[in-house]
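Read through the structure below, which is laid out as structure tokens, and then see the notes.
The values are calculated or read from the model by the stated rules, or taken from the named source; none is laboratory data. This is a predicted model, so every value here is computed, not measured. As a convention, Cβ positions derive from the backbone with ideal geometry for all residues, glycine included, and neighbour counts pool all protein chains shown.
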Amino acid sequence: DAKTTQPNSMESNEEEPVHLPCNHSTISGTDYIHWYRQLPSQGPEYVIHGLTSNVNNRMASLAIAEDRKSSTLILHRATLRDAAVYYCILRGVFFNQAGTALIFGKGTTLSVSS
Amino acid sequence: GAGVSQSPRYKVAKRGQDVALRCDPISGHVSLFWYQQALGQGPEFLTYFQNEAQLDKSGLPSDRFFAERPEGSVSTLKIQRTQQEDSAVYLCASSPTPTYEQYFGPGTRLTVT
């Protein structure tokens, strides 16, 4: 899986939007962009994923650059419960029988202040 | 519905002891993954099962690590002769298919003293 680059940490205020960036300049045409987050003392949880077009779900939005070399996870109104480590992960569309493990980096630690 | 559960949640072992960590995946999920997470790091892949078949064990750090899923549901990760460097959180994840999103359990925190 190709490598992603994220800032180590970001800060936000409650009720404000948060834009979490991710660079993936070596992404291949068959790589999906996935985001997971890990709340303190919990396992990671899926947030959103996309291939080329921007995506929205109940948790967040994913904006993908036209050249696909970067993406941004958008939390529209941050809450204290959104304080977590956010991981940007590339995952190939085509998989071999060995499965498709997630390759995590260090992620971005998001702090939210009230 | 019920998510992925892991037991025990915390385990303290003396160096040299054997430990067994259990994962109960979501019912019907074909794929099961084990990850190891050291303090301050992201999770790292250990091994993958598709039903009862262990299709990838490339991430297991040594032959002291062994995993099984004999009936294609519950899985056990066993670590023999534990060492201090084995101290970490061990996470289990399941998914209905190999490429679907993964559902993680809360993890087992192993401390080797």
What is the one condition in (1) touching an Asp or Glu at 6+ places or on another chain (Cβ under 8 Å); (2) in contact (Cβ under 8 Å) with a residue 40 or more places away in the chain; (3) more than 8 Å from every other protein chain (Cβ to nearest Cβ) that residue B:104 does not satisfy?
(3)
Within segment B:80-101, residues in a loop (DSSP other than H, G, I, E, B) and either in contact with a strand residue (DSSP E or B) (Cβ under 6 Å, 6 or more places away or on another chain) or within 14 Å of chain A (Cβ to nearest Cβ) (or both) come out as B:82, B:87, B:96, B:97, B:98, B:99, B:100, B:101
Name the residue, out of B:6, B:50, that is touching a Ser or Thr at 6+ places or on another chain (Cβ under 7 Å), within 11 Å of chain A (Cβ to nearest Cβ) and touching a residue at least 60 places away in the same chain (Cβ under 8 Å).
B:6
Selection from segment B:89-113 of residues that are at positive phi and surrounded by fewer than 21 Cβ atoms within 10 Å (Cβ to Cβ)
none
Given the conditions (1) surrounded by 15 or more Cβ atoms within 10 Å (Cβ to Cβ); (2) touching a residue at least 24 places away in the same chain (Cβ under 8 Å), which single one is not true for residue A:45?
(2)
Checking the condition surrounded by 14 or more Cβ atoms within 10 Å (Cβ to Cβ), aliphatic (A, V, I, L, M), modelled with pLDDT of 95 or more and outside any strand (DSSP E or B), which residue from B:77, B:60 passes?
B:60
Which of the residues belonging to segment B:1-30 are in a loop (DSSP other than H, G, I, E, B) and among the acidic types (Asp, Glu)?
B:18
